[in-house]
Amino acid sequence: MAANRDLLIELFSEEIPARMQAKAAADLQKLVTDGLVEAGLTYASAAAFATPRRLALSVEGLMAESKPVREERKGPSASAPDKAIEGFLRSTGLTKDQLELRDDKKGQVYFAVIEKPGRLAADIIAEVLEKAVRNFPWPKAMRWGTGTLRWVRPLHTILCILSDEAGAEVVPLTIDGITSGDTTRGHRFMGPDAFSVVSFDDYEAKLKRAKVMLRAEERAETIWHDATNQAFALGLEVVEDRGLLTEVAGLVEWPVTLMGRIADDFLNLPPEVLQTSMKEHQKFFSVRNAKSGRIERFVTVANIETPDQGMTILAGNEKVLFARLSDAKFFWENDLRVAKAGMDEWADGLKSVTFHNKLGTQFDRVDRIATLAAEIAPMVVADAEEAAAAARIAKVDLQSEMVGEFPELQGLMGRYYADAAGLSPAVSAAAQEHYSPLGPSDTVPSAPVSVAVALADKLDTLTGFWGIDEKPTGSKDPFALRRAALGVIRLIVTNDLTLPLSKVFGDASWSADLLSFFHDRLKVFLKDQGIRHDIIDACIAMPGNDDLTLLVKRAQALSETLKTDDGENLLQGFKRANNILTQAESKDGVEYSYGADVKFAEEPAEKALFAALDAAEAKIAPAMDAQDFGSAMAAMADLRGPIDAFFTDVQVNAESEIIRRNRLNLLSRIRTICMSVADLTRIEG
């Protein structure tokens with residue numbers, strides 16, 4: 001068989017949107033490599049690349065041809081109806097005289113022997129690539145000209161070559177009038193002439209000479225290196241934004257980093273406004289003065305080197321930016337006027353904004369949140385009046401012009417406007433922080449007023465939607481209720497709060513169902529911390545399961561205990577005691593739940609267990625009252641030795657009925673003490 005070869009594919013087109021490039025490269029790799037393997041071609045390694053104008057795939061160590069395949073398939077018996085035999089022939093692609101008759105347990109049976117000869121790699125590649133191109137999973141695709149092919153933007157050329165030490169050959173194929181070759185083009189303006197390539201290394205090197213950086217990570221590194229160096233030279237720093245960096249690296253094939261000025265008119269705008277406006281509209285990086293915190297310059301990334309070192313490009317960008325920031329300044333000044341007047345205009349405006357047709361307006365919702373925040377305030381050591389006041393202004397920035405233009409600034413602008421209105425720092429902070437935490441990695445507020453309003457906001461959402469029976473179903477969660485519940489959990493647990501949820505829910509018909517929803521979210525939260533679901537179930541089964549802080553502490557302590565030898569062996573001892581008890585109670589028709597007396601103890605191990613249970617009870621009861629679950633679990637784990645010794649040395653089902661009953665009641669003490677800490681019957685294993 002011939003030596004392995006390397007495959008290079010490039011699909012060269014008009015600009016691919018930056019947000020689609022990474023997935024498209026991964027899709028090309030998967031479609032082609034999966035197709036090759038299915039057809040019997042294995043390979044050593046593969047890597048995919050994307051620039052704005054091309055998708056490329058390099059496959060190394062590809063077999064030169066597929067191995068021959070011999071497949072045997074058992075068919076119907078020789079006496080089967082003609083239709084059954086005809087169906088088998090259709091499935092195999094053979095004729096009846098090509099089948100073999102073989103003896104089987106039930107008589108003679110037809111067998112099909114299908115032999116597929118090995119195929120050249122080029123033939124397989126052509127088929128696989130055409131199928132991949134024609135079925136490519138673009139989120140949006142277009143047709144152009146008179147062809148039938150759909151691609152994200154018009155596809156111009158297909159490069160497809162197999163290479164080894166002897167040279168390269170084109171894999172011949174034609175898709176919708178586009179015939180494969182060994183040529184590509186570089187940068188649209190700085191390297192437009194076509195050139196041929198003989199290998200991946202040759203391809204990447206010639207692209208670079210033609211002003212194209214093939215690798216997205218290299219483009220990103222170049223942008224960041226040049227931007228930070230330019231900023232450092234002026235004593236400034238670039239505001240880090242990984243998402244923007246990835247996006248901009250997908251907009252250029254040859255990044256040229258340029259730094260421009262922001263006009264003095266705009267330097268006093270809040271830095272977040274400048275940053276958001278420049279990022280959203282212009283894809284500019286913000287450059288900050290670390291001492292003042294002000295955004296003073298911007299970095300833009302051009303796709304071309306110019307004789308004037310980008311001065312014309314910068315001048316054009318600065319002109320467009322001036323117009324954009326003039327709008328932002330107009331919004332800011334208008335909003336400050338309303339804020340300084342007390343923000344009543346915005347609060348009234350919430351009356352005309354529907355939150356949900358069954359839950360009223362945003363104004364109604366704010367009213368509910370303010371009432372709930374005042375109720376929660378004492379539990380989080382916040383001032384009730386301040387918490388209610390913060391809740392009343394927390395949503396008003398939704399009516400501001402700035403948040404209308406940049407919705408992602410909601411909350412943050414609320415803080416600026418509350419400051420401008422002369423409100424207390426705690427109230428201003430709550431305007432910004434009450435939305436948090438938004439996700440599992442978002443920071444959790446700790447200021448008491450912020451915590452009160454954040455909890456009230458999320459709990460109002462959850463109780464409201466449960467009240468109108470609009471709960472998440474399957475993967476659908478249009479009102480982000482799972483996220484709200486996780487936010488409540490993180491606020492309570494991170495701040496070590498005692499906030500029994502039953503107090504918040506009251507005696508509503510849906511309260512148990514909503515508490516169960518919280519428990520499900522808590523399982524996800526604790527699973528990420530390495531705590532098993534059965535351990536959480538064992539703790540949920542205990543009283544006080546609406547106090548999430550208590551529940552988490554109990555679960556963490558039980559999890560740690562069960563990781564020790566004593567804990568694991570105690571669990572086995574408990575399960576053994578519980579099994580013996582359950583069987584005896586079922587057989588005798590009575591409950592052995594009290595009455596164990598040490599005076600009936602005969603064996604030393606039996607007497608030792610009485611003493612150990614007395615000692616454990618004396619430690620566990622006060623530890624549980626103090627919510628010191630670690631000490632309670634440790635005292636419970638200390639029972640491991642006495643329980644093991646008891647089962648080794650003592651026969652529970654003694655001949656004397658009095659002794660047997662006493663020993664069963666002793667086992668009941670084990671069950672009662674262990675079950676006072678957690679429902680160990682729910683622990684698996």
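Take region 322-341 and flag every residue that is small (Gly, Ala, Ser) and under 11 Å from VAL273 (Cα atoms). Answer for region 322-341, where residues must be small (Gly, Ala, Ser) and under 11 Å from VAL273 (Cα atoms): just ALA328.
SER79 meets each of the listed conditions (1) more than 54 Å from the chain's Cα centre (by Cα); (2) among the hydroxyl-bearing types (Ser, Thr, Tyr); (3) closer than 20 Å to GLY118 by Cβ apart from (3). Applying the criterion of at least 1 residues that are loosely packed, with under 13 Cβ neighbours inside 10 Å and of a type in the set (Ser, Thr, Tyr) to the helices (runs of 4 or more DSSP H) found wholly in region 451-529 leaves 511-527. Scanning region 501-530 for residues that are modelled with pLDDT under 95 and closer than 26 Å to THR672 by Cβ yields one hit, SER502. In the set (1) without any contact (Cβ under 8 Å) to a residue 60 or more places away in the chain; (2) outside any helix (DSSP H, G or I), the condition left unmet by MET213 is number (1).
Please find, among VAL256, VAL252, the residue that is touching a Gly at 6+ places or on another chain (Cβ under 8 Å) and under 23 Å from GLY316 (Cβ atoms). Let's see the steps before the verdict.
Numbers: VAL252 fails: touching a Gly at 6+ places or on another chain (Cβ under 8 Å).
Exactly one of VAL256, VAL252 is touching a Gly at 6+ places or on another chain (Cβ under 8 Å) and under 23 Å from GLY316 (Cβ atoms), namely VAL256.
State whether one or more residues within region 334-352 are under 21 Å from PHE505 (Cα atoms) and surrounded by fewer than 17 Cβ atoms within 10 Å (Cβ to Cβ). No, region 334-352 contains no residue that is under 21 Å from PHE505 (Cα atoms) and surrounded by fewer than 17 Cβ atoms within 10 Å (Cβ to Cβ). Condition check for THR549 on (1) of a type in the set (Ser, Thr, Tyr); (2) closer than 19 Å to LYS458 by Cβ; (3) part of a loop (DSSP other than H, G, I, E, B): one failure, at (3).
Does region 642-662 hold any residues that are under 14 Å from ASN569 (Cα atoms) and touching a residue at least 40 places away in the same chain (Cβ under 8 Å), and which are they?
Restricting attention to region 642-662, the residues satisfying the condition of being under 14 Å from ASN569 (Cα atoms) are 642-648.
Of everything in region 642-662, those that are under 14 Å from ASN569 (Cα atoms) and touching a residue at least 40 places away in the same chain (Cβ under 8 Å) turn out to be ILE643, ASP644, ALA645, PHE646, PHE647, THR648.
PRO437 - would you say it is outside any helix (DSSP H, G or I), in contact (Cβ under 8 Å) with a residue 24 or more places away in the chain, surrounded by 23 or more Cβ atoms within 10 Å (Cβ to Cβ) and touching a Leu at 6+ places or on another chain (Cβ under 8 Å)?
Against the criterion (outside any helix (DSSP H, G or I), in contact (Cβ under 8 Å) with a residue 24 or more places away in the chain, surrounded by 23 or more Cβ atoms within 10 Å (Cβ to Cβ) and touching a Leu at 6+ places or on another chain (Cβ under 8 Å)), PRO437 does not qualify.
Which of the residues belonging to region 288-317 are free of Cβ contacts under 8 Å to residues at least 12 places away in the same chain and in a helix (DSSP H, G or I)? MET311, THR312, ALA315, GLY316 - these are the residues of region 288-317 that are free of Cβ contacts under 8 Å to residues at least 12 places away in the same chain and in a helix (DSSP H, G or I).
Determine whether region 277-287 contains at least one residue that is part of a strand (DSSP E or B) and more than 30 Å from GLU204 (Cβ to Cβ).
From region 277-287, those part of a strand (DSSP E or B) are 285-287; that's our starting set.
Next, only the ones that are more than 30 Å from GLU204 (Cβ to Cβ) stay: 286-287.
Yes, because at least one residue in region 277-287 is part of a strand (DSSP E or B) and more than 30 Å from GLU204 (Cβ to Cβ).
Of all the residues in region 92-106, those that are surrounded by 11 or more Cβ atoms within 10 Å (Cβ to Cβ) and without any contact (Cβ under 8 Å) to a residue 24 or more places away in the chain number 7.
One residue stands out among those in region 176-197 that are within 40 Å of the chain's Cα centre (by Cα) and more than 24 Å from ASP6 (Cβ to Cβ): the one that is surrounded by the most Cβ atoms within 10 Å (Cβ to Cβ), which is HIS187. For VAL320, are the conditions met, namely being in a helix (DSSP H, G or I), in contact with a helix residue (DSSP H, G or I) (Cβ under 8 Å, 6 or more places away or on another chain) and within 18 Å of GLY414 (Cβ to Cβ)? No; evaluated as a whole, the condition is false for this residue.
Scan region 398-414 residue by residue and report those that are surrounded by 24 or more Cβ atoms within 10 Å (Cβ to Cβ) and closer than 29 Å to LEU497 by Cα. Walk me through it before giving the result.
Of region 398-414, the ones surrounded by 24 or more Cβ atoms within 10 Å (Cβ to Cβ) are 400, 402, 413-414.
Result: MET413, GLY414.
Just so you know, in region 176-186 the residues that are in a loop (DSSP other than H, G, I, E, B) and charged (D, E, K, R) include one that is farthest from GLY147 (Cα to Cα), and it is ASP182.
The C-beta contact set for region 107-130 (first residue touching a residue at least 40 places away in the same chain (Cβ under 8 Å), second residue aromatic (Phe, Trp, Tyr), distance under 8 angstrom, 6+ apart or interchain) comprises ALA112/PHE88.
Scanning region 617-653 for residues being within 13 Å of VAL677 (Cα to Cα), in contact with a helix residue (DSSP H, G or I) (Cβ under 8 Å, 6 or more places away or on another chain) and of a type in the set (Gly, Ala, Ser) gives a total of 7. For region 663-671, the criterion of a residue being over 46 Å from the mean Cα position of the chain (by Cα) and free of Cβ contacts under 8 Å to residues at least 24 places away in the same chain is satisfied by no position.
Only one of the listed residues (PRO17, PRO76) is surrounded by fewer than 20 Cβ atoms within 10 Å (Cβ to Cβ) and farther than 30 Å from ARG242 by Cβ. That residue is PRO76.
Select from region 568-601 the residues that are assigned to a helix (DSSP H, G or I) and among the hydroxyl-bearing types (Ser, Thr, Tyr) and write down the one among them that is nearest to the chain's Cα centre (by Cα). Among residues in region 568-601 that are assigned to a helix (DSSP H, G or I) and among the hydroxyl-bearing types (Ser, Thr, Tyr), the one nearest to the chain's Cα centre (by Cα) is THR582.
Considering region 123-175, the residues that are modelled with pLDDT under 95 and either in a strand (DSSP E or B) or hydrophobic (A, V, I, L, M, F, W, C) (or both) include one that is farthest from ASP6 (Cα to Cα), namely TRP144. All of (1) surrounded by 17 or more Cβ atoms within 10 Å (Cβ to Cβ); (2) under 35 Å from the mean Cα position of the chain (by Cα) hold for SER66 with one exception: (2).
Give me the strands (runs of 3 or more DSSP E) completely within region 32-86, filtered to those with at least 3 residues that are not assigned by TED's automatic domain parsing to the domain that holds GLN21, ordered by residue number. Working first, answer last.
On the way: elements: 45-51, 54-62, 69-77.
Per the criteria, 69-77.
Test PHE629 against the stated conditions and say whether it is hydrophobic (A, V, I, L, M, F, W, C), crowded, with 21+ Cβ neighbours inside 10 Å and under 25 Å from LYS563 (Cβ atoms). So that I can check it myself, show each step before the final result.
On the way: hydrophobic (A, V, I, L, M, F, W, C): yes; crowded, with 21+ Cβ neighbours inside 10 Å: yes; under 25 Å from LYS563 (Cβ atoms): yes.
When the stated conditions are applied, PHE629 passes them.
The values are calculated or read from the model by the stated rules, or taken from the named source; none is laboratory data. Just so it is clear, the structure is predicted and the values come from calculations on it, not from any experiment. Cβ coordinates were reconstructed from backbone atoms using ideal geometry, including for glycine residues, and neighbour counts include every protein chain displayed.
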